[in-house]
1. Report the FRET efficiency, 1/(1 + (r/R0)^6), for SER79 and VAL30, where r is their Cβ-Cβ distance and R0 is 25 Å, rounded to 0.05.
2. Once you place label points 7 Å from the Cα toward the Cβ at LYS136 and THR58, how far apart are they in nm?
3. Taking only Cα atoms of the range 132-178, what ratio of Rg to Rh do you get with Rh as the Kirkwood inverse-distance radius?
4. Just subtract the alpha-carbon distance of ASP88 and GLU177 from 0.36 nm times their residue separation and send over the number in nm, one decimal.
5. Considering only protein heavy atoms, with the full assembly of protein chains and a 1.4 angstrom probe, order GLU142, GLU148, GLU95 by accessible area, largest first.
6. Give me the extension gain from THR169 to ASP44: residue separation times 0.36 nm, minus the current Cα-Cα distance, reported in nm with one decimal.
7. Alpha carbons only, please: Rg and Dmax for the range 26-178, in angstrom.
8. Determine, from the Cβ-Cβ distance of GLN155 and ASP51 and an R0 of 41 Å, the FRET efficiency 1/(1 + (r/R0)^6), rounded to the nearest 0.05.
Amino acid sequence: LRECSILKRIEQLCTQETSERMSDSELTVVNLVANGDLGVGEIDTNQIADDIDIQECTSLPGRIYLRSEKHPTATIYRSGKFSVAGADSKQEAFESLDWLLNSLRDLGIEPSRDSVRKSLTVEYLVLQGSLGQKVKLSMLMEELGPGEKEYEPEQFPAIIFKPSSVDCTVTIFSTGEV
């Protein structure tokens with residue numbers, strides 16, 4: 001019976017809207033990855049790498065990684081597209097994006113802030129939380145409904161569950177952490 005209540009709790013956590021999840025005190029966003037388009041066409045990433053004044057800048061063919069102590073990692077691709085990874089909220093992703101746009105403006109690249117913000121799409125969220133109780137994983141494995149599920153305790157100490165009814169992946173540890 002206890003495993004059934006755990007299943008209901010997992011389903012509740014998975015089916016909440018993103019905005020609810022982000023404000024839910026039981027769940028914490030630990031990583032948000034978003035991407036979009038700068039709307040300026042192709043960019044010479046090698047030139048940006050040479051000219052930009054940022055603490056850490058790694059240039060690889062066709063892309064450039066930019067890091068700052070205050071912001072998540074931003075990646076600019078030669079195509080003019082970008083991604084932001086490591087934010088813990090959409091607001092932090094927007095702040096990182098503003099930092100990126102200001103850095104590009106200093107180099108004479110003028111993307112439209114409004115169109116860039118409109119193009120920003122959250123690709124995925126990594127959330128962390130607790131079910132509020134310990135879980136017997138072998139019993140829970142038997143109770144899990146339709147969906148892909150994996151549990152090989154010799155390989156990894158948790159169940160990896162992809163409910164068929166929701167687009168999410170849940171990692172369930174015996175401590176009740178998800």
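1. The pair SER79/VAL30 has a calculated efficiency of 0.30.
2. 4.5 nm
3. Computed over Cα atoms, the ratio is 0.94.
4. Full extension of this stretch gives 30.2 nm more.
5. Per-residue accessible area, sorted high to low, gives GLU142, GLU148, GLU95.
6. Extending this stretch completely gives an extra 41.3 nm.
7. In Å, with Rg to one decimal and Dmax whole: 19.9, 60.
8. 0.30
The values are calculated or read from the model by the stated rules, or taken from the named source; none is laboratory data. Just so we're clear, the structure is a prediction, and the values are computed from it rather than from any experiment. All Cβ positions, glycine included, derive from the backbone under ideal geometry; neighbour counts span all protein chains shown. With ligands, DNA and RNA removed, areas are computed over all heavy atoms of the protein, side chains included. Shrake-Rupley method; radii C 1.70, N 1.55, O 1.52, S 1.80 Å.
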